[in-house]
Amino acid sequence: MDLGPIDYLLWLIGFSAEVAVVVCSIKRRNFLRYLPLNLYVGFTALVSVGEFYCLHKFGFASAEYNYFYYYSDSLLTILLFFVIMQFYQQVFSEMHVSKYISALAIFLLFGTAAFSYMVIAQHKDHLTTRFAVDLSRNLYFVGVILTYVLWGAVLKLRETRTHLIQLVLALGVFFSASAATYALRNLFPGLELSVLKWMPPVVAIWLPAAWAFTFMKVSEGERLETAQLLARAR
């Protein structure tokens, strides 16, 4: 599959947004505060370069590209999982339950990995590849649920830190759009090579772009009025 001008443009926008997140985070002295988020975005930028290289050198249908794509996607999903857990820790920081959230994160990660392995253990052929694919998919599903639960907690606890709310909300939109894309691709497989072809890269751009905007425009100490927060949820 040959890459066209739009593919190059979307790749460039996404890569620029990913770099902008890390740069803005460092400038705002928030790199260590949001370490899982910055690691996730930084690795996403490196993976984007790696995918670009594999596409040009080996081709879209090559084994090299598929191995790189599935293993890197699994790694990125694990990193995004820890980003979600950090948001949980920040939302529940005043309740002093961070050690319980950390224990829950480890339990969910290993539990999902064990479940993924048991599901595909009977298939001895290409076991490691199938495991990477299933682990990524299952962790993604867990991440969707945890993100919606987290947003419910933000509303319930009347969280007012605008910076944190924007980061969580961007993640919720990302997961919602990704889930909608997956559903549409299953319902209308004939559109996968036309209209739906552009949805995944556009959705992928949204998350780093929204996070970069938050780090650039929203100060750490800014607070949101409770009435505004409830209005956004409607």
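The values are calculated or read from the model by the stated rules, or taken from the named source; none is laboratory data. These numbers were taken from a predicted model, which means no experiment stands behind them. In this analysis, Cβ positions are derived from the backbone assuming ideal geometry, glycine residues included, and neighbour counts consider all displayed protein chains.
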Residue that is part of a helix (DSSP H, G or I) and modelled with pLDDT under 85, where the choices are Val173, Val142: Val142
On the basis of being aromatic (Phe, Trp, Tyr), within 21 Å of the chain's Cα centre (by Cα) and either assigned to a helix (DSSP H, G or I) or at pLDDT below 80 (or both), does Phe107 make the cut? yes
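Taking the stated definitions as given, is Met216 part of a helix (DSSP H, G or I), more than 28 Å from Trp11 (Cα to Cα) and either modelled with pLDDT under 70 or not β-branched (Val, Ile, Thr) (or both)? Please lay out each step first, then the result.
Details: part of a helix (DSSP H, G or I): yes; more than 28 Å from Trp11 (Cα to Cα): no; either modelled with pLDDT under 70 or not β-branched (Val, Ile, Thr) (or both): yes.
Taking the combined requirement at face value, the residue does not satisfy it.
Being of a type in the set (Val, Ile, Thr) and under 16 Å from Val83 (Cβ atoms) is the filter; apply it to the stretch 42-58 and report the residue that is surrounded by the most Cβ atoms within 10 Å (Cβ to Cβ).
Looking at the filtered set, the residue picked out is Thr44.
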Give the residues of the stretch 150-163 that are farther than 16 Å from Phe82 by Cβ, part of a helix (DSSP H, G or I) and not small (Gly, Ala, Ser), sorted by residue number. Trp151, Val154, Leu155, Lys156, Thr162, His163
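In the stretch 18-39, what residues are of a type in the set (S, T, N, Q) and closer than 24 Å to Ser72 by Cα? Reasoning before the result, please.
Initially, the stretch 18-39 is screened for residues of a type in the set (S, T, N, Q), giving 25, 30, 38.
Residues satisfying the conditions are Ser25, Asn38.
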Output the residues belonging to the stretch 21-41 that are among the aliphatic types (A, V, I, L, M), in contact (Cβ under 8 Å) with a residue 24 or more places away in the chain and surrounded by 19 or more Cβ atoms within 10 Å (Cβ to Cβ). Val21, Leu37, Val41
